[in-house]
1. Quick one: dipole size for chain A, taken about the Cα centre, charges +1 on Lys/Arg Cβ and -1 on Asp/Glu Cβ, in debye to the nearest 20.
2. Can you sort A:HIS67, A:HIS10, A:HIS29 from fewest to most other Cβ atoms within 10 Å of each residue's own Cβ?
3. Based on Cα positions only, what radius of gyration and what Dmax would you give for the range A:13-54, in angstroms?
4. Roughly what percent of Cα-Cα pairs across chain B reach past 25 Å?
5. List A:LEU11, B:LEU34, A:LEU81 from most exposed to least, where exposure is judged by having the fewest other Cβ atoms within 10 Å.
6. Under the Kirkwood approximation for Rh and a Cα-based Rg, what ratio Rg/Rh is obtained for chain A?
7. May I have the extent of the alpha carbons of the protein assembly as shown along their three principal axes, as whole Å values ordered from largest to smallest?
8. For the range B:60-115, what D do you get in µm² per second when you plug the Kirkwood radius from alpha-carbon pairs into Stokes-Einstein at 10 °C and 1.306 mPa s?
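Values in this text are rule-based calculations from the coordinates and carry no lab data. Everything numeric here is computed off the predicted structure, so don't read it as measured data. Neighbour counts are summed over all protein chains in view; Cβ atoms, including those assigned to glycine, are modelled from backbone coordinates with ideal geometry.
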Amino acid sequence: DAGVTQSPTHLIKTRGQQVTLRCSPKSGHDTVSWYQQALGQGPQFIFQYYEEEERQRGNFPDRFSGHQYPNYSSELNVNALLLGDSALYLCASSLVLFTDTQYFGPGTRLTVL
Amino acid sequence: AQTVTQSQPEMSVQEAETVTLSCTYDTSESDYYLFWYKQPPSRQMILVIRQEAYKQQNATENRFSVNFQKAAKSFSLKISDSQLGDAAMYFCAYRSFSGNTPLVFGKGTRLSVIA
């Protein structure tokens, strides 16, 4: 049973650049949520995708956007990168929005220089 | 808005001993879920245990058990017979029972296991 996968593992960008992170949900799951985990902090919710639409959004600026494909995989895009965007980005999948337990991927470590 | 507080930034335990990690939360809701997630150095957040607030019985998963005190809004995790592989960051998380709401995490507790 394939778990949640994310790519790339690590990424280094410079301020002002744009980045795309990718996530494939656990087999059988249809909902993908993205979280940002700053160093020494717990994860914070960015947004959730279900049926290819953004369903919920946390307190993040419009520079953060996403997409979900028909195969349920998802992308997180961040434009105009800031130093403060350096963090571990976690993808979590579940079945039917948040009603089910969320399972997390290994994350993508983004460093903005 | 719900908040989750983990007051112990770091804890340590001797191998084979028992340790308890604390978590308190603030909510006005009566039905909700509580979780403990483990995040080892590999970074993957792994579900340890889950508790439904409407269940009075404390959840147990092998060496892991919780002490859920609903009135006190307390949800502690007990790890028995600690093993070296238990060393990790542990996060307590809250989710509303109804509606479409995300997990709310605490700041975590770093657990070290001493051989």
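1. Values: 8 positive and 10 negative charges, 104 e Å.
Using only the charged Cβ atoms, the result is roughly 500 debye.
2. On the way: A:HIS67 16, A:HIS10 9, A:HIS29 19.
Lowest to highest Cβ neighbour count: A:HIS10, A:HIS67, A:HIS29.
3. Here Rg and the maximum Cα pair distance are 13.0, 37 Å.
4. On the way: 1144 of 6555 pairs.
Taking all Cα-Cα pairs of chain B, the fraction more than 25 Å apart is 17 percent.
5. On the way: A:LEU11 15, B:LEU34 25, A:LEU81 19.
Neighbour counts put them in this order, fewest first: A:LEU11, A:LEU81, B:LEU34.
6. Details: Rg = 13.1 Å, Rh = 13.8 Å.
Dividing the radius of gyration by the Kirkwood radius yields 0.95.
7. Result, largest extent first: 48, 39, 35 Å.
8. Numbers: Rh = 13.2 Å.
After rounding, the answer is 120 µm²/s.
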